[in-house]
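The values are calculated or read from the model by the stated rules, or taken from the named source; none is laboratory data. Quick caveat, the model's predicted, so the values are computed rather than measured. Reconstructed Cβ throughout: ideal geometry from the backbone, glycine too, with neighbour counts over all protein chains shown. Only protein heavy atoms, including side chains, enter the accessible area calculation; ligands, DNA and RNA are left aside. Shrake-Rupley method; radii C 1.70, N 1.55, O 1.52, S 1.80 Å.
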Amino acid sequence: MALDQSALLELTDTLRSADGGNMMRTLLRTILQALIDAEATEHIGAGRYQQTDTRTTSRNGTRDKTVTTTSGDLTVKIPKLRTGSFFPTLLEPRRRIDVALHAVIMEAYVHGTSTRKVDDLVTALGCESGISKSQVSRICADLDEDVTAFNGRELDAQAFPYVFLDATYCKARVGGQRSGKGSKVCSQAVVIATGVSADGRREVLGCAVGDSETEAFWPEFLRTLRDRGLSGVQLVISDHHRGLMNAVDKVLLGVAWQRCRVHFMRNVLAKVPKGQSEVVTAAIRTIFAQPTGPLVRDHVDIVAAMLEAQFPAVATMLRECKEQITAFADFPEAHWRKIWSTNPIERLNREVKRRTDVVGIFPNPAALLRLATCVLIEAHDEWQVCERRYLSEESMAQLTPPEPVSIEPAPPAEVDVDEPAPLTA
């Protein structure tokens, strides 16, 4: 590419009278325009006013195109053709923000930056005209492909003996028109599933957004994991949520369920006077300090009997939830501290909340799912490259092979068998 003598002299005169910022902007515009013209010449097969045998079409004026760079907005002219169309490969069609700023905006959205703050960010980076909320939404919609691929990937490569389930709640507009009219702000559950694979590594298995009070929400989420190849599950760790418990019993038949000891302790302390909470807490903690599984279960009855006189409600809870809070005792002792609560997944919940709190109320559940899943993808990738495993391979080898996990039996198909017709002569 070469500029003619008159163009170079004109550019030199312009640069002499320009300040530092305008100088760089003028240089960029000139170079970019020259590159566009050179590519147009190659596409057409002839230069301006040139007659050649390789010409395929001719120019028909130009149209302005605004390109945003870190030096500011630039306006270039894109040649129009009499037949066919042309768009330079240096610029992506229908995008007025270059790739660098596009990545910054998407990253800012993933980190929980609101659309208004994104607009200020883009302006600070050199986009004088800013960016509208609708443009941010269209740009961030490009993340949907990654979200769908992550939440739909196959899980049949290896077994996941331990599965953690938990949910955090965010506000989103539900129903109404596309413009938002007629919608209402509802609390939406962001349910997260993580698992510990047979080699001791953690993975984020999936994420979904919906109404946790709906009876079909939890079973549908677990069926999705099962249909994607989730297998070898021996223990599910979660909070005491009636819909979740019913879903585990219905979708993953024969799988043990561990009630989170932290959440259980909170439920217990809600029935205890504040001044007596330390005594009750210390007594219940002795259950989890026992060295063997049988001693753990026997100690539940001992603590219940000890608290019976002063705290009958607590004693009743301990006896009723004995199997739920001691399910971990059937597994290797080296795993107990890692599987008797949902603390590992709580950290993910806090990170999702930290990012989503900046946005406040999401325009729809799909936008909430997009941001939450991107946060989880980030954590999942960090777990995959981390040298330290969540549970050692040696301790994972102590797990006994699980029984084949039963799934919901399909109702038998009703087949009408016609009796053979009598033979006639």
Exactly one of (1) closer than 19 Å to C260 by Cβ; (2) open to solvent by less than 10 Å² (accessible area, probe 1.4 Å); (3) more than 27 Å from the chain's Cα centre (by Cα) is unmet by Q324. Its number?
-> (2)
For segment 52-166, list the helices (runs of 4 or more DSSP H) that sit wholly inside it and hold at least 3 residues that are closer than 30 Å to G232 by Cβ and at pLDDT 70 or above; which are they?
-> 144-151
Please identify the pairs in which a residue from segment 201-216 that is closer than 27 Å to R389 by Cβ has its Cβ atom under 6 Å from the Cβ atom of a residue that is of a type in the set (D, E, K, R) and open to solvent by 40 Å² or more (accessible area, probe 1.4 Å), counting only partners at least 6 apart or on another chain.
-> R201/R389
For segment 232-246, how many residues meet the condition of being among the hydrophobic types (A, V, I, L, M, F, W, C), crowded, with 18+ Cβ neighbours inside 10 Å and within 20 Å of D330 (Cβ to Cβ)?
-> 4
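Condition check ((1) open to solvent by 10 Å² or more (accessible area, probe 1.4 Å); (2) over 24 Å from V358 (Cβ atoms); (3) among the charged types (D, E, K, R)) across all residues:
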| position | (1), (2), (3) |
| --- | --- |
| A141 | yes, no, no |
| G152 | yes, yes, no |
| A157 | yes, yes, no |
| F160 | no, yes, no |
| S183 | yes, no, no |
| A193 | no, yes, no |
| A198 | yes, yes, no |
Taking Q276 and the conditions (1) part of a helix (DSSP H, G or I); (2) within 18 Å of Q324 (Cα to Cα), which numbered condition does it fall short on, given that it satisfies the others?
-> (2)
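Quick grid of which residues meet (1) open to solvent by 60 Å² or more (accessible area, probe 1.4 Å); (2) in a helix (DSSP H, G or I); (3) in contact with a Gly (Cβ under 6 Å, 6 or more places away or on another chain):
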site: A309; (1), (2), (3): yes, no, no
site: M317; (1), (2), (3): no, yes, no
site: A334; (1), (2), (3): yes, yes, no
site: R350; (1), (2), (3): yes, yes, no
Here are some conditions: (1) part of a helix (DSSP H, G or I); (2) open to solvent by 30 Å² or more (accessible area, probe 1.4 Å). F221 meets all but one. Which one does it not meet?
-> (2)
Taking R389 and the conditions (1) over 30 Å from S114 (Cα atoms); (2) assigned to a helix (DSSP H, G or I); (3) touching a residue at least 60 places away in the same chain (Cβ under 8 Å), which numbered condition does it fall short on, given that it satisfies the others?
-> (2)
Considering segment 353-373, residues that are touching a Leu at 6+ places or on another chain (Cβ under 9 Å) and open to solvent by less than 20 Å² (accessible area, probe 1.4 Å), and then whichever is modelled with the highest pLDDT, we arrive at T373
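Residue by residue, here is whether (1) of a type in the set (G, A, S); (2) out of contact with any Pro (no Cβ under 8 Å at 6 or more places or on another chain); (3) closer than 21 Å to F328 by Cβ holds:
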site	(1), (2), (3)
R226	no, yes, no
L230	no, yes, yes
V248	no, yes, yes
L253	no, yes, yes
A256	yes, yes, yes
C260	no, yes, yes
Scan segment 277-291 for residues that are more than 38 Å from the chain's Cα centre (by Cα) and either open to solvent by 60 Å² or more (accessible area, probe 1.4 Å) or basic (K, R) (or both) and report the count.
-> 3
Neighbours by Cβ (under 7 Å, 6+ apart or cross-chain): first from segment 15-43, buried (at least 17 other Cβ atoms within 10 Å of the Cβ) and of a type in the set (V, I, T); second part of a loop (DSSP other than H, G, I, E, B) and modelled with pLDDT of 80 or more = I36/P88
Which residues, counting only those in segment 207-218, are part of a loop (DSSP other than H, G, I, E, B) and either among the small types (G, A, S) or open to solvent by less than 50 Å² (accessible area, probe 1.4 Å) (or both)?
-> S212, A216
